[in-house]
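Below is one structure, written out as structure tokens; the observations come after it.
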Amino acid sequence: MALTVFNTMGSRKEPFVPGTPGKVKMYVCGVTVYDLCHIGHARANVAFDIIVRYLRHRDYDVTFVRNFTDIDDKIIKRANKEGVKAEDIAERYIDAFYRDFDRMGLLRPDVEPRATEHIPEIVDLVSRLIAAGKAYEVNGDVYYSVKGFAGYGKLSGKDTEDLLAGARVDVDERKKDPLDFALWKSSKPGEPVWDSPWGPGRPGWHIECSAMAMKHLGKTLDIHGGGKDLVFPHHENEVAQSEGLTGEPLARYWVHNGFVNIDNEKMSKSLGNFFTLRDVLAKVKPDVLRFFFASSHYRSPIDYSDRSLSEAKAGLDRLYRVKEKAEGSEAAGMKATSVPDGDEFSALREAPDRFIEAMDDDFNTAAALGHIFDAVRAINRLAPGDPASEPDKAGRFLAGYAILDPLFGVLGLLRMSAKEYFQFDHIHAGNIKDNVALQSGEKSTPGPHADDRPGEAEILRRIEDRKAARARKDFAEADRIRLELDAQGVLLEDSKAGTTWKYKA
């Protein structure tokens, strides 16, 4: 199966064919650095981090560019409020970005351009748009003429007549048309300024990304990415100003990630359910948060709640238990041999192919993780109780782990040793919803909903897994299964007659 990608331009899946075979030019809109990043930023950055990792796993030569918007109204407002320079605010929050996202295991882009480092390119691009009759100057401000670009609205699917009637636009009588947007803003007191042919001023937001993307990747990118909130107006305006000048597509594929909701509500400071990434990482392991994001398709909305984080932690714990057994076997001096034949181990042997099949379907990490867990069930049948006394079993187990390890790497998971992961266990993710409730004034409702509890067949299968773990004296694994079920609302009761279960009230 060839890689297919959902293209926002046209709203359909398309076979992925880059402009140059084997090479991918990818630009992702980065953050505006005026404050700490929130979990919505985390979701977007992890999604594109996985996409880059997967493309490289598939042997594409990826040039990855992600920018910083380091001049903006919000940066200026914060700088003036604190009595410092705008560049000081930008530096502070670029540093904070690195500290937070390095913990999340983000790959550094090949190029990380800043808007303020590209003023000559921005001025040149604006000048060329004016010369081409696509933009006009009014008293030191420069505006793009939307009516001069016939394809305006083709990315977002918005109709210009509806936009004019519904008016998500700034009212400015100097504009030729209410939809026209600023390419260059004349200087105002208390703002940083740069020289230009139209007088001192600073760039508009949209023109920055066009200038940076085209400088580092050329007229046409293979992938242009960002959150769904950027489709309009930011990316729509990028299309207009770039394609209006070059006459060529700005990007072959437009890729946008979905939003993060908090307990099924939109994240909002006014609702008291707004979390910075730093807030979250004070309570949740970075790997757990990555696993949580990867558990849903990048285009889908994702619900951030105590239940979803608890499930993410339980799932990741299962993967780290596999790594723990592999590390134990290696520490005992065992070497990988081969995975046995037979249908019961086919999910393990075929895991790489199944993983690629899922990821080739528009980077479907949720399905890819499903195949990994199928393989985990198979590899656990090979787990030695004591590697030194079961060398053959340990060798087969290590062979199975060698199959899975590269797949974990594509998702950016299992980045630390199992010992470190379990030793530095953070506060249980269930506390997150309590924090949401306290901030919003609502009562927290603990425990999983009835519809989300595992079914009888799944419970019985996990009881058998626990029984097998106890038989081989892997009591840590047995306890983990019991605690995992408990977190999902299932109570196990052991007796001489065996293990029984029931749903908790």
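No value in this document is a laboratory result; all are computed from the given coordinates. All values derive from a computational prediction rather than experimental measurement. Here the Cβ is made from the backbone with ideal geometry for all residues, glycine too, and neighbour counts use every protein chain on show.
Couplings 3J(HN,Hα) for the range 17-22, derived from phi with the Karplus relation 6.51 cos²θ - 1.76 cosθ + 1.60 (θ = phi - 60°), are 10, x, x, 10, x, x Hz, where x marks Gly and Pro.
Cα-based values for the range 454-505, radius of gyration first and Dmax second, are 10.4, 33 Å. Binning all Cα-Cα separations of the range 274-405 at 10 Å, short to long from zero, yields these whole-percent fractions: 12, 36, 31, 17, 4, 0.
Average projection, convex hull of the Cα set of the chain: 27.1 square nanometres. Within the range 266-283, list the residues whose amide N lies under 11 Å from a label point set 7 Å along Cα→Cβ of Phe259. Output list for this probe position: 266-268.
Relative to the longest principal axis of the Cα atoms of the chain, the long axis of helix 431-440 makes an angle of roughly 40 degrees.
Please list, in chain and number order, the residues 5+ apart from Phe6 or on another chain whose amide H is under 5 Å from its amide H, with Hs placed from the backbone. Placed amide hydrogens put Glu14 under 5 Å from Phe6. Counting only DSSP beta bridges with both residues in the chain, the antiparallel share comes to about 50 percent.
Write down the percent of antiparallel bridges among all DSSP beta bridges whose residues are both part of the range 4-258, to the nearest 5.
Working: 15 of 33 bridges.
DSSP beta bridges in the range 4-258 are roughly 45 percent antiparallel.
For the range 98-158 versus the range 16-87, the inter-centroid distance based on Cα atoms is 14 Å.
Rounded to the nearest 5, what % of the DSSP beta bridges within the range 1-106 are antiparallel ones?
On the way: 4 of 11 bridges.
For the range 1-106, the DSSP antiparallel bridge percentage is about 35.
Adding -39500 (n - 2.57) for every DSSP H run of four residues or longer, then dividing by how many residues the chain holds, sets the calculated 222 nm ellipticity at -14000 deg cm²/dmol. The residue list Ser338, Ala358, Leu348 was ranked by how far each Cα lies along the charge dipole of the range 317-362 toward its positive end, using unit charges on Cβ atoms, and Ser338 comes out on top. Less than 5 angstrom separates the built amide H of Asn67 from those of Val28, Gly30, all sequence-distant by 5 or more or on a different chain. Backbone amide hydrogens, once placed in the peptide plane, bring Gly153 within less than 5 Å of nothing, excluding anything fewer than 5 places away on its chain. The convex hull around the C-alpha trace of the range 208-268, projected and averaged over every direction, spans 4.7 square nanometres. Converting phi to 3J(HN,Hα) with the Karplus coefficients 6.51, -1.76 and 1.60 and the offset θ = phi - 60°, the range 286-291 yields x, 5, 5, 5, 4, 4 Hz in sequence order, with x at every glycine or proline.
For the set Lys134/Lys185; Lys74/Lys147; Lys25/Lys283; Lys13/Lys154, the pairs lying more than 27 angstrom apart at their alpha carbons are Lys74/Lys147; Lys25/Lys283. Relative protection proxy for 45-55, 317-327, 79-89, 19-29, from highest mean packing down: 45-55, 317-327, 19-29, 79-89 (other beta-carbon atoms within 10 angstrom). Straight-line reach from Lys323: taking Cα to Cα under 21 Å and skipping same-chain neighbours fewer than 8 places apart, the lysines in range are Lys285, Lys313, Lys335, Lys393, Lys419, Lys467, Lys473. Magnitude of the charge dipole for the range 21-140, about its Cα centre and with charges confined to Cβ atoms of Lys, Arg (+1) and Asp, Glu (-1), is about 440 debye. Per-residue Karplus couplings for the range 347-355, computed as 6.51 cos²θ - 1.76 cosθ + 1.60 with θ equal to phi - 60°, are listed in order as 4, 6, 4, 8, 4, x, 5, 5, 4 Hz, Gly and Pro entered as x.
With r as the distance between the Cβ atoms of Arg472 and Glu330 and R0 = 22 Å, compute the FRET efficiency 1/(1 + (r/R0)^6) and round to 0.05.
Values: r = 18 Å, r/R0 = 0.84.
So, using R0 = 22 Å, E works out to roughly 0.75.
Stretching the chain fully between Ser268 and Arg12 yields a gain of 89.1 nm (0.36 nm per residue, less the alpha carbon separation).
When you count the other C-beta atoms within 10 angstrom of each residue and take the mean per peptide, 136-145, 200-209 line up highest first as 200-209, 136-145.
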